[in-house]
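Encoded as structure tokens, the structure appears first; notes follow it.
The values are calculated or read from the model by the stated rules, or taken from the named source; none is laboratory data. Since we're looking at a predicted model, the values are computed, not measured. Every residue, glycine as well, gets a Cβ built from its backbone with ideal geometry; the counts of neighbours run over all protein chains shown.
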Amino acid sequence: MSNLYKGVALSSRKDITGEIATMRSMVDWLGDIAKHVEHIFCDSKAGACYTVTLKSGHWHDDLPAAIRAAGFATGGHNGIQVEADSGRGFDIDPDWPVDWLQEWETEQKATYGEVQGMTLPPGFLDRIREKVSLSDVASRWVKWDMRKSSPEKGDFWAPCPFHEETTASLHIDDRKGFYYCFGCHAKGDVISLVKEKQGLGFDHAVRQLAFLAGMDAELAPKVEATPEPQRPNLLQMKDLMVEHFDQENFLEVGVLTGWTQYIRSHDRLLRSLSWGDPDYPGHVLDLLTRMDEKKDGSIKELQDYINNKFADEAQAITEVAVFSSAKRSLGYNFVQPRNDVISVMMPFGGGFGPVYETIKAACNATPLPARRADEVWNSSVLINDILELINHSAVVICDLTGRNENVFYELGIAHAWGKPVIPITQRAEDVPFDLRHHRYLTYLNNSEGLAVLQSGLESRLKSLVGEKPWF
Ligand SMILES: [Zn+2]
């Protein structure tokens, strides 16, 4: 028995109705490509293998992909033999889905092995894949072919975003969370999609998805319940003792630490102190290193003694350390910098709208979007939002015009956190003297001036964060 369906002859060894129906649906899937097909034969004896015979003299470069897709979509993990003239025939391996799945898994493992500097909580990546739908993310870059897709089954098809085409060769299985392109064989999961489409590193892609899934807090370093006791800095202690200790202080330390004997019998320590001899600092350091090496708790006693007795002086010494942990002391639950926006700190109102539009246009030449901080100030939300924004920033653009105090505050934090800052201003005299050695851009707030500002910013930004990919 032979069936003709949309110009394609269908036949099967046993004339089973179900097989004919499957082949009809293969023809449906082929769409326009079907006009190149003469005949499809189903050999159920050989485990439902198909032979697809092309019309003589017909060929289309999308044929292999289309036939693979049709075979896959109609449920067959079956072998397909394509007969074509001019030696163009080919076989589609019945095991291909298994092959590429295994290959894909191996590749994924290799990729995850690359993760560095990031300790992921157990099952983190699996939970991301559960929470973030692959089709949602993919829809940023593809337009679904709704004729082929069955969203209710989590089954989506679209022209592939990785190669030029008009037919829909990209298949997404939302339930399994993977994609495969029958044309260029691109494949992977939601993480690799984000990574590949945006040219990101693996950890950056994971962060972006964690943010989407509301799981980014899990990537924050755990705040220690009891902070590690800081190892005493012997040199700082020495400097402070040389500056402030008198004989009485040494004797008190001796009583507290049990080191009286050593201090009293040292032939130079107290003597060089009272005579102001140049070898005195060396003897103080010698005492400190001996205490430290002995590990009898004496160095800690001495440190406490200094902190009590010379609170103000000790404060000055530790200020440097405090400053470096300012991220935490500002009350901001610091997570690792994300560097995924360009933040813009500028006064609000007062005709800065066009300036912001100009900055946005300049950011448009880079892969990163602009985010304006004053919107946050304006609605008097938490300072945390500003800190979060700066932490997100790959670059901070600060408009110093009018010496706005919020802008200066933000600029200070950005500097302290080591973020690159581009100061801009309408008036050079608004740039504080200490900042004048930084390269800043002056501009006029008119259309000509803003055009100059835009090109100046574009070149600075491109050199800092790179250019926008062309796709
Ligand atoms: Zn492709």
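Below are the figures for this structure:
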| read-out | value |
| --- | --- |
| Sole residue being modelled with pLDDT of 90 or more and surrounded by fewer than 17 Cβ atoms within 10 Å (Cβ to Cβ), chosen from L256, L287 | L256 |
| Filter pass, R140 being in contact with an Asp or Glu (Cβ under 7 Å, 6 or more places away or on another chain) and more than 16 Å from the ligand (Cβ to nearest atom) | no |
| Condition broken by S274, with the remaining ones in (1) of a type in the set (S, T, N, Q); (2) within 46 Å of the chain's Cα centre (by Cα); (3) modelled with pLDDT under 85 satisfied | (2) |
| Tally, over segment 156-187, of residues that are within 18 Å of L30 (Cβ to Cβ), more than 8 Å from the ligand (Cβ to nearest atom) and of a type in the set (A, V, I, L, M, F, W, C) | 3 |
| Residues of segment 14-26 that turn out to be among the charged types (D, E, K, R) and surrounded by fewer than 13 Cβ atoms within 10 Å (Cβ to Cβ), as a count | 1 |
| Elements of type helices (runs of 4 or more DSSP H) contained in segment 244-311, each with 2 or more residues being closer than 14 Å to L234 by Cα | 280-294, 298-309 |
